């Protein structure tokens with residue numbers, strides 16, 4: 001029976017939209033995955049030596065131990081927010097002659113291998129290997145490693161128990177913030193407690209039996225609760241969120257664009273993926289901090305300009321590149337309505353410009369890094385509004401991949417094609433290149449003026465370009481309808 | 001009046017639709033019947049300019065549908081759930097479509113109010129997004145949205161599927177009322193022979209993309225259709 005389940009998993013994984021992609025995209029994503037794993041691995045390997053170098057008096061293992069308690073709590077909170085027990089995919093199995101106990105074991109057993117549990121291993125295992133190599137007691141280190149793995153699993157199963165409970169979440173959050181607070185003000189030192197617990201464990205690996213017992217207990221509790229809940233009106237219920245309707249009649253002042261703008265706002269706010277993109281664009285504002293704070297980049301203005309475009313460009317870049325695929329689900333309907341393509345596209349331009357302006361206002365504190373930086377951001381913002389909006393709208397007419405709005409937002413690449421990588425050239429590299437050209441021969445200000453002028457030209461000749469874009473959308477209508485009908 | 005001339009649609013070498021001539025006079029209630037793959041939805045999609053015919057053209061009230069978009073302002077349609085915007089509530093969806101058809105919020109509200117019985121208390125004020133409604137209720141919302149803004153032509157693909165018996169009867173009543181004054185042309189397709197004979201004054205049977213029967217509805221129509229499909 002479990003081999004059958006395993007086969008199902010296998011098919012689910014390899015037939016998911018994740019793999020139904022072009023080769024180029026697979027390679028790029030493969031590189032990205034390898035890069036992520038390599039960085040975690042190297043963190044595990046080198047953290048011992050880094051700790052030793054920065055704190056030569058302290059034992060690296062003890063330093064790590066003193067923070068483990070925080071890690072455990074932080075992990076729980078993270079899981080609470082992100083991890084759900086995948087019960088929905090056993091729904092088709094419920095009416096088949098399979099024992100419920102088996103289904104429950106299957107669901108719970110599967111969760112053991114979830115990415116949330118695997119990730120931390122990339123730190124713990126290499127760290128433990130380095131410890132043993134550096135002459136720590138092998139038994140002690142193995143006990144420590146086993147405990148860490150067991151605690152991760154305990155976190156896994158604790159999460160499923162408390163997941164439906166808001167009180168549990170807030171108590172966890174309060175405990176974590178409370179201890180950090182007490183620590184900060186020197187009232188109570190939780191690191192000592194953490195350190196003594198885990199140091200004791202290294203000294204007496206036999207204590208590993210405690211997390212073993214805890215894990216068995218948690219598994220049994222999970223098993224019992226879930227077994228009693230395998231009903232369509234209980235655990236296996238699609239959660240239906242209550243609609244929250246906000247009055248958007250203020251948008252009526254935009255005349256013919258109003259219905260589209262209202263719709264766009266609802267589109268962004270009520271779907272996971274668009275919401276993630278929207279909220280991420282605010283994080284992009286902070287992107288500049290990485291560059292502006294480092295000495296290395298001080299003399300590389302091209303890099304700084306690159307970062308400056310990102311600061312205000314988060315929304316334009318991330319949202320704009322999937323226009324009109326966001327609306328792929330009902331694009332057919334839109335095309336059968338009496339709409340003006342021009343107004344439809346203009347509403348999108350308008351939204352991108354407004355968002356860029358808002359992000360630009362939010363970026364005002366960058367004045368702290370000096371006027372030059374601020375001018376770079378201003379020039380970048382003007383370029384984003386003037387040129388990037390138009391380029392992305394035009395590029396959007398090449399979008400041929402359907403996007404399922406109901407799918408989750410995080411790390412979802414549905415709708416991505418090679419186009420999404422090519423588009424980086426005109427929207428990011430061209431302005432940086434132009435800046436660099438002018439900067440090289442005429443200096444910083446000339447470079448900035450060049451970018452700003454380009455943005456300004458785009459803004460002034462918007463009408464002309466919008467006409468071209470509208471024509472392109474009308475020409476490509478059938479191809480887009482056809483492509484958006486294909487489920488990704 | 002809808003006039004279709006030499007419409008064909010080919011995918012590669014496979015011909016899925018080939019209708020030499022089809023004229024639907026203004027005010028007619030027109031039914032399209034056929035098995036799966038007969039080309040009903042393809043015909044509607046071409047009529048709505050959602051796919052291009054391989055040859056031929058359709059005129060909708062003197063507008064060639066793939067040359068001008070003027071037909072959009074007097075044509076209402078509902079093909080399938082992908083015509084709905086999943087993340088809107090039904091009220092918002094009606095408002096959106098109404099907006100595009102030149103109705104203000106008050107117009108939409110009063111228009112929708114007529115359909116209270118049709119909705120059977122399951123659509124309005126439920127605080128649910130369209131994506132969370134059942135198939136039948138989604139269909140109800142889609143059909144009513146197609147009627148917004150007094151269209152001269154109403155196109156409904158499989159309107160009876162997924163509807164409960166009461167709503168099927170109410171829908172038949174609504175469709176009959178629409179064509180009463182011979183002002184509104186109604187095109188429906190269906191798998192349900194008895195519904196279609198009830199509603200439509202003319203029925204066209206498609207088979208593998210070709211018109212095989214074209215008849216005025218009479219007492220014997222249902223029998224004739226049943227014997228045609230009983231193979």
Residue A:362 and residue A:290 label points (each 7 Å along its Cα→Cβ direction) are spaced in nm at 1.7 nm
How many nm is it between the label spots at residue A:442 and residue A:460, if each spot is 7 Å from the Cα in line with the beta carbon? 1.5 nm
Just order B:72-80, A:266-274, A:100-108, A:375-383 by mean Cβ neighbour count inside 10 Å, highest at the front, would you? A:375-383, B:72-80, A:266-274, A:100-108
Added length on full extension, which subtracts the Cα-Cα distance from 0.36 nm per residue, residue B:5 to residue B:62: 19.2 nm
Working from Cα positions, state the angle (0 to 90°, nearest 10) between the long axis of helix A:371-383 and the longest principal axis of chain A. 70 degrees
Taking only Cα atoms of the stretch A:254-377, radius of gyration then Dmax in Å: 17.2, 56
Tilt relative to chain B, helix B:90-100 - C-alpha long axis, 0 to 90 degrees, to 10: 70 degrees
Share of alpha-carbon pairs per 5 Å distance bin for the stretch A:185-258, given as whole %: 3, 10, 8, 8, 8, 8, 8, 7, 11, 8, 6, 6, 5, 3, 1
Please label the shape of the stretch A:1-141 as rounded, prolate or oblate, based on the square roots a ≥ b ≥ c of the eigenvalues of the alpha-carbon gyration tensor (a/c under 1.5 means rounded; beyond that, a/b larger than b/c means prolate, else oblate). prolate
Separation of the stretch A:120-196 and the stretch B:80-150 by C-alpha centroid, Å? 52 Å
Could you order the peptides B:49-58, A:178-187, A:250-259 from most to least packed, using the average number of other C-beta atoms within 10 Å per residue? B:49-58, A:250-259, A:178-187
Go through A:49-59, B:196-206 and give me the packing order, highest mean Cβ count within 10 Å leading. B:196-206, A:49-59
Label-point separation (nm) for residue A:407 and residue A:119, each offset 7 Å from Cα along Cα-to-Cβ? 2.0 nm
Neighbour-count ranking [beta-carbon atoms within 10 angstrom, fewest first] of A:326, A:10: A:10, A:326
Tell me, what does the Kirkwood hydrodynamic radius of the protein assembly as shown come to in angstroms if you use every pair of distinct C-alpha atoms? 30.2 Å
Taking a cut-off of 27 Å, what percent of all Cα-Cα pairs in the stretch A:129-273 are separated by more than that? 55 percent
R0 = 22 Å: FRET efficiency of residue A:269 with residue A:82, Cβ-based, nearest 0.05? 0.60
Other chains near B:127-138: what is the mean number of their Cβ atoms within 10 Å of each residue's Cβ? 3
Tensor-based shape of the stretch A:250-485 (alpha-carbon gyration tensor, a/c under 1.5 rounded, otherwise prolate or oblate): prolate
Between the stretch A:322-350 and the stretch B:19-39, what's the alpha-carbon centroid distance in Å? 30 Å
If you stretched the chain out fully between residue A:98 and residue A:372, how much longer would it get, using 0.36 nm times the residue separation minus the C-alpha to C-alpha distance? 91.8 nm
What relative contact order, as a whole-number percentage, does chain A give when Cα pairs under 8 Å and 6 or more residues apart are counted? 15 percent
What average count of beta carbons from other chains do you get within 10 Å of the Cβ of residues in B:74-87? 5
Would you mind checking the tilt of helix A:258-270 against the longest principal axis of the Cα atoms of chain A, expressed as 0 to 90 degrees and rounded to 10? 10 degrees
Applying 1/(1 + (r/R0)^6) with R0 = 25 Å to the Cβ-Cβ distance of residue B:150 and residue A:245, what FRET efficiency is obtained, to the nearest 0.05? 0.40
Assuming 0.692 mPa s and 37 °C, estimate D for the stretch A:308-365 with Stokes-Einstein, Rh taken as the Kirkwood radius over Cα pairs, in µm²/s. 258 µm²/s
Where only C-alpha atoms are counted, convex hull volume of chain B per residue in Å³: 127 Å³
Could you tell me how far the Cα centroid of the stretch A:36-80 sits from the Cα centroid of the stretch B:52-77, in Å? 66 Å
Order by neighbour count: A:167, A:469, fewest other Cβ atoms within 10 Å first, most last. A:167, A:469
Of all DSSP beta bridges in the protein assembly as shown, antiparallel share, percent nearest 5: 55 percent
Give the average, rounded to an integer, of partner chain Cβ atoms located within 10 angstrom of each Cβ in A:270-283. 1
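All of the numbers you see were taken from the coordinates with simple rules; none came from a lab. From a predicted model like this one, the values you see are computed outputs, not experimental measurements. Note that each Cβ is placed from the backbone with ideal geometry, even for glycine, and that neighbours are counted across all protein chains shown.
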